[in-house]
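A quick write-up on the structure given underneath.
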Amino acid sequence: MEKETKEELATIEIMLGIYCRDKHGGKALCAACSGLLSYAALRLQKCPHHPKPACKNCATHCYLPEKRALMKDVMKYAGPRMPLRHPLLTLKHYFKK
């Protein structure tokens, strides 16, 4: 897995962690969120686009509709909380755009 893909997966894992802790309780990812992380990792590995665009801007939506909607909820919830919990990662993400 290339560096950018690893970084993107790490960001997804952090965002899922924020979402899961706040919505489902507990310190570790629940089974559903862990499954979504595994699904996202698989989709990232199989992405046919290089350089990879943001999924929301991609012409080829490789997530199943229900997984895509769930990931959208995760991003919508965790995104505004990222600057407080992970400011350097958030800055890096915005400058990469």
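Could you check the range 43-59 and list, in sequence order, the residues that are under 12 Å from the mean Cα position of the chain (by Cα), closer than 18 Å to ALA10 by Cβ and part of a helix (DSSP H, G or I)?
ARG43, LEU44, CYS55
Select, from LEU89, LEU37, the only residue that is surrounded by 10 or more Cβ atoms within 10 Å (Cβ to Cβ), out of contact with any Leu (no Cβ under 6 Å at 6 or more places or on another chain), of a type outside the set (Val, Ile, Thr) and assigned to a helix (DSSP H, G or I).
Among LEU89, LEU37, only LEU89 is surrounded by 10 or more Cβ atoms within 10 Å (Cβ to Cβ), out of contact with any Leu (no Cβ under 6 Å at 6 or more places or on another chain), of a type outside the set (Val, Ile, Thr) and assigned to a helix (DSSP H, G or I).
Would you please name the residue that is nearest to the chain's Cα centre (by Cα), looking only at residues in the range 60-86 that are part of a helix (DSSP H, G or I), free of Cβ contacts under 8 Å to residues at least 24 places away in the same chain and farther than 14 Å from MET15 by Cβ?
The selected residue is ARG68.
Here are the criteria: (1) of a type outside the set (Lys, Arg); (2) touching a residue at least 60 places away in the same chain (Cβ under 8 Å); (3) buried (at least 17 other Cβ atoms within 10 Å of the Cβ). Tell me which single one ILE14 does not satisfy.
Going through (1) of a type outside the set (Lys, Arg); (2) touching a residue at least 60 places away in the same chain (Cβ under 8 Å); (3) buried (at least 17 other Cβ atoms within 10 Å of the Cβ) one by one, ILE14 breaks only (3).
For the range 19-34, give me each residue that is of a type outside the set (Gly, Ala, Ser) and part of a loop (DSSP other than H, G, I, E, B). I'd like the intermediate steps shown before the answer.
Initial filter on the range 19-34 (of a type outside the set (Gly, Ala, Ser)): 19-24, 27, 29-30, 33.
The answer is LYS27, LEU29, CYS30.
What's the number of the condition CYS20 fails, among (1) of a type outside the set (S, T, N, Q); (2) exposed (fewer than 10 other Cβ atoms within 10 Å of the Cβ); (3) at pLDDT 95 or above?
Of the numbered conditions (1) of a type outside the set (S, T, N, Q); (2) exposed (fewer than 10 other Cβ atoms within 10 Å of the Cβ); (3) at pLDDT 95 or above, the odd one out for CYS20 is (2).
The values are calculated or read from the model by the stated rules, or taken from the named source; none is laboratory data. Everything quoted here is computed from the prediction, not taken from an experiment. Quick reminder, even Gly has a Cβ in these numbers, built from the backbone with ideal geometry, and neighbours come from all protein chains shown.
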